Structure formats: structure tokens, C-alpha cells
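J.: One structure coming up, written as C-alpha cells, with questions to follow.
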Amino acid sequence: MSFDHRALQQRLDAAGYIAEDSLAMALTLAIALQRPLLLEGEAGVGKTEVGKALARVLGARLIRLQCYEGLDAGAAIYEWNYQRQLLAIRAHEAEGMKADAVERHVFTEEYLLRRPLLEAISQQKPPVLLIDEIDRADEEFEAYLLEVLSDFQVTIPELGTIKATAVPHVVLTSNGTRALSDALRRRCLYAYVEFPDEAKEVRILSVHLPDADQRILEQITGFVQRLRREDLEKKPGVAETIDWARALIGIGLDRLDRDPATLQATLMCLLKTDADLKAITPEVSARLIGKVA
């Protein structure tokens with residue numbers, strides 16, 4: 001079995017995602033070993049984009065489960081279409097069908113609503129299953145999830161066990177807001193995703209803004225890199241850097257020190273809390289600009 005992570009890295013590059021060697025290796029092993037990959041890192045480092053880029057590279061369907069507090073099996077795995085079942089029950093009762101026959105009829109796959117986890121194991125071609133922000137869900141949901149990730153199967157009491165027709169490529173992301181269970185971690189391969197360094201972030205901007213002047217992209221990246229070192233409630237992520245670059249280039253700013261007032265007004269693209277906007281005063285911006293100009 002060949003594990004060519006360089007080839008996958010190049011394909012991710014071509015798909016618009018600049019991956020570190022370690023991340024490319026983690027993805028390669030996850031694919032080859034059919035193991036879920038758990039990605040941890042701060043919000044905004046691009047973890048979700050890994051799953052999206054992998055789907056593009058593999059030409060696979062992307063199935064995304066966005067986790068949240070209170071997420072349960074009904075929203076993540078399956079539930080019954082109760083409205084259709086009720087209509088069917090009434091129709092069959094009117095026809096004189098016996099109760100046990102009606103029950104057998106309405107608890108079939110025809111009335112089953114497949115949510116992301118069940119949908120992912122029901123595909124003929126392996127999809128990419130992106131389980132986003134797993135740390136937002138509770139431990140009870142992790143227990144549901146483990147059955148899927150351990151054997152790639154789902155048990156439905158009325159139907160029995162449904163096994164995967166094709167094993168999905170699973171990417172889980174976590175921002176570290178709570179500790180994940182040891183059982184979940186044991187099931188997964190693991191990679192930590194850092195904020196990109198300056199050279200990598202310039203490359204990312206170049207991919208998204210191929211016609212932009214390299215000098216302004218370097219200035220923008222240098223500013224954001226230094227901004228992240230400030231005492232902020234929420235550090236700007238890569239997506240915010242891209243948005244800010246598009247805004248600055250769109251209004252024709254070719255140097256960060258060209259129009260300080262306009263630059264200050266556009267910081268709303270980077271800073272997403274009132275406290276952070278107030279903390280980065282024109283004087284702070286001038287200091288950050290001075291280091292990158």
C-alpha cells in the first residue's frame with residue numbers, strides 16, 4: 001500500500017487549499033486506513049475548509065453535520081416522517097387494513113428521513129462526511145457517534161442494522177471548547193491546525209486573489225499576522241484575511257499607509273467584537289502598518 005502524501009498535497013494545492021506536510025500526511029493516512037481524522041485548532045484556522053477541499057480533490061459528495069448543544073440522534077442520524085406516517089395510517093385504516101399490517105407498512109425506509117450520519121453510510125460512492133465543531137455537542141451525542149465511526153453502521157430498532165455500502169471519509173473538527181472523550185480520540189487519527197505563517201498566508205491570498213499585486217498581499221498578510229499577536233477576544237481567521245484583502249483591493253488601496261482613515265474603517269472585516277474594534281485604535285493600526293509598510 002502506497003502512502004503518497006506529496007501527491008495529495010499537490011492536488012489540495014490545485015483545489016485551492018494550501019496544506020502543510022503534516023496535514024497532508026494525516027489526510028493521506030486517514031484515506032488509506034479508512035480512519036476518521038480529528039482536526040483541532042483555534043476558530044478561523046481553516047479546519048472546515050479541509051473537509052471541503054478533500055471533497056473537491058476526491059470528486060466526492062460533501063455531507064456536513066454542524067454540531068451544536070443539544071444535538072441528538074434525530075437531527076444527526078435519522079427520524080421518522082411522522083406526518084407521512086399519520087396520513088398513511090389513516091388511509092390504511094379507512095381501507096380496513098389490520099393494525100399490525102399498518103405498523104409494518106409505515107415503519108419502512110419509505111418513511112425514513114435520513115440525516116447526515118445515516119446519509120453518509122448510505123452512499124454507493126464514499127462521500128466526505130464533515131462533522132463540524134464536535135466539541136459543541138454533548139457527551140451523549142458522542143456515544144451515538146461512536147457506533148457510526150467504529151463500525152460504520154446505524155441501528156434502527158424498527159428496521160435493524162444498516163451497514164455502510166461505502167465507508168465515508170470522515171473529518172471531525174474541534175475548537176477545543178470542551179474536552180472530547182478518550183473513546184472518540186482513540187477512534188480517530190489526529191492533527192492540530194495552526195494559523196498559517198506569513199509565507200503560507202500570502203500563498204493563500206494569491207490563490208483567492210490571483211490578479212492582485214503581490215506587494216499589497218504581503219502588506220495585508222504582515223498586518224494580520226501582527227494583529228493576531230495583540231490582546232484580542234477573537235483573532236481574525238484566514239477567511240477574514242481574505243475578506244479584508246478583497247475589500248482593500250476593491251476600493252483601490254494599493255498601500256496600507258495610503259489612506260489610514262479608510263483602512264481603519266475596513267477593520268470590521270477582521271475584528272468581530274466591539275471590544276476588539278475599540279482596542280485597535282488608529283494609533284495601534286499605525287504601529288502595525290509601520291512594521292509592514
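All of the numbers you see were taken from the coordinates with simple rules; none came from a lab. In this text, all values refer to a predicted model and were calculated from it rather than measured experimentally. When we count neighbours, we look across all protein chains shown, and the Cβ atoms used for this are built from the backbone with ideal geometry, even at glycine.
J.: Quick one: if you stick a label point 7 Å off each Cα along the C-beta vector at ASP213 and ARG246, how many nm between them?
T.: Reported label-point gap for ASP213 and ARG246 is 2.2 nm.
J.: Would any residue of the stretch 168-210 have its amide N under 17 Å from a label point 7 Å out along Cα→Cβ of ARG229? List them or say none.
T.: Answer for this model: 195-202.
J.: Only Lys, Arg, Asp and Glu count, each charged at its Cβ (+1, +1, -1, -1), so figure out the dipole size of the chain about its Cα centre, rounded to 20 debye.
T.: Roughly 700 debye for the chain.
J.: Moving to a separate point now. Which one of ALA275, ALA60, ALA91 has the biggest mean-square fluctuation once the chain is modelled by GNM with Cα springs under 10 Å?
T.: In this elastic network of the chain, the residue with the biggest mean-square fluctuation among ALA275, ALA60, ALA91 is ALA91.
J.: Using a cut-off of under 13 Å, list every residue of the stretch 222-238 whose amide N is near the label point 7 Å from the Cα of LYS272 along the Cα-to-beta-carbon line.
T.: So the set is 233-238.
J.: Let me ask another. Students often forget the sequence filter, so: which aspartates and glutamates lie under 14 Å Cα-Cα from LYS98 once same-chain residues fewer than 8 apart are removed?
T.: none
J.: What aspartates and glutamates could a cross-link reach from LYS200, if we take a straight Cα to Cα line under 13 Å and drop same-chain neighbours fewer than 8 places away?
T.: Once the sequence-local aspartates and glutamates are set aside, what remains near LYS200 is ASP13, GLU20, ASP21, GLU218.
J.: Using a 10 angstrom cutoff on alpha carbons, build the Gaussian network for the chain and name the most mobile of ARG185, ARG226, ARG84.
T.: Comparing ARG185, ARG226, ARG84 in the GNM, the peak value goes to ARG84.
J.: Listing LEU172, LEU232, LEU270 from the residue with the fewest other Cβ atoms within 10 Å to the one with the most, what is the order?
T.: Ranking LEU172, LEU232, LEU270 by Cβ neighbours within 10 Å, fewest first, gives LEU232, LEU270, LEU172.
J.: Once phi is turned into ³J(HN,Hα) by the Karplus curve 6.51 cos²θ - 1.76 cosθ + 1.60 with θ = phi - 60°, what whole-Hz value does each residue of the stretch 84-89 show in order, with x for glycine and proline?
T.: 5, 4, 4, 4, 5, 4
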